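Encoded as structure tokens, the structure appears first; notes follow it.
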Amino acid sequence: MRRAACPGSFDPVTNGHIDIISRAGTLFDEVVVAVGVNQSKSRLFSPQERIEMLGTAVEPYPNVRVAGFDGLLTDFCREHEVHAIVKGLRAVSDFDYELQMAQMNASLSGIETVFVPTSPEYSFLASSLVKEVARFGGDVSGLVPGFVWDRLTARLAEPA
Ligand code: PNS
């Protein structure tokens, strides 16, 4: 049984994340989506909300499950008996930071990181951009699952 972790903040999950997670599911026997729940960062959605949305988003993929983590990713990988970390790469601009994290994680635990190129239709997609565009009334409904769009617009409509 080869198990991979797909880590991220997923605030909120986008179609680009689902693309990488589903493709990781074809490369490994099992995938655990590792939702970083670090409370110190300010997020639009709480850890519970992000985990819940991911859970719904991965329902079509029987070998994918979701778990939160608060600490080192390498500790999560050891606890969940994960053999590799899968990360999506959108562009060269992602590479420097992702390489640094991959090498740090390898030096901490020996775990390998596998980079999967993002599908071209999602190469510009990031949760932060989705939130920014939605905040100013732009329509990014085609870039996130429908239920995420509904929750995003509802959250942004709440009084500050
Ligand atoms: O979606 P993001 O914000 O790019 O996800 C980043 C995340 C959560 C994958 C990364 O920050 C992480 O792995 N955090 C856990 C803490 C940790 O292990 N830090 C050392 C990384 S080398």
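The table for this structure:
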quantity: Angle between the chain longest axis and helix 15-27 axis [Cα atoms, degrees, rounded to 10]; calculated: 30 degrees
quantity: Acute angle (nearest 10 degrees) that the helix 146-157 long axis makes with the longest principal axis of the chain, alpha-carbon atoms; calculated: 60 degrees
quantity: Over segment 53-102 - Rg/Rh using Cα atoms and the Kirkwood inverse-distance radius; calculated: 1.02
quantity: Amide H within-cut-off set for VAL33, under 5 Å, with H built and near neighbours excluded; calculated: CYS6, ARG65, VAL66, ALA67
quantity: For segment 1-137: accessible area per residue (Å², 1.4 Å); calculated: 53 Å²
quantity: All Cα pairs of segment 110-160, percent lying beyond 16 Å; calculated: 49 percent
quantity: Share of pairwise Cα separations in the chain, more than 24 Å, in percent; calculated: 32 percent
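The values are calculated or read from the model by the stated rules, or taken from the named source; none is laboratory data. Keep in mind that what you see is a predicted model, and the values were worked out from it rather than measured. Areas reflect the complete protein model, heavy atoms only, side chains present, ligands, DNA and RNA absent. Shrake-Rupley method; radii C 1.70, N 1.55, O 1.52, S 1.80 Å.
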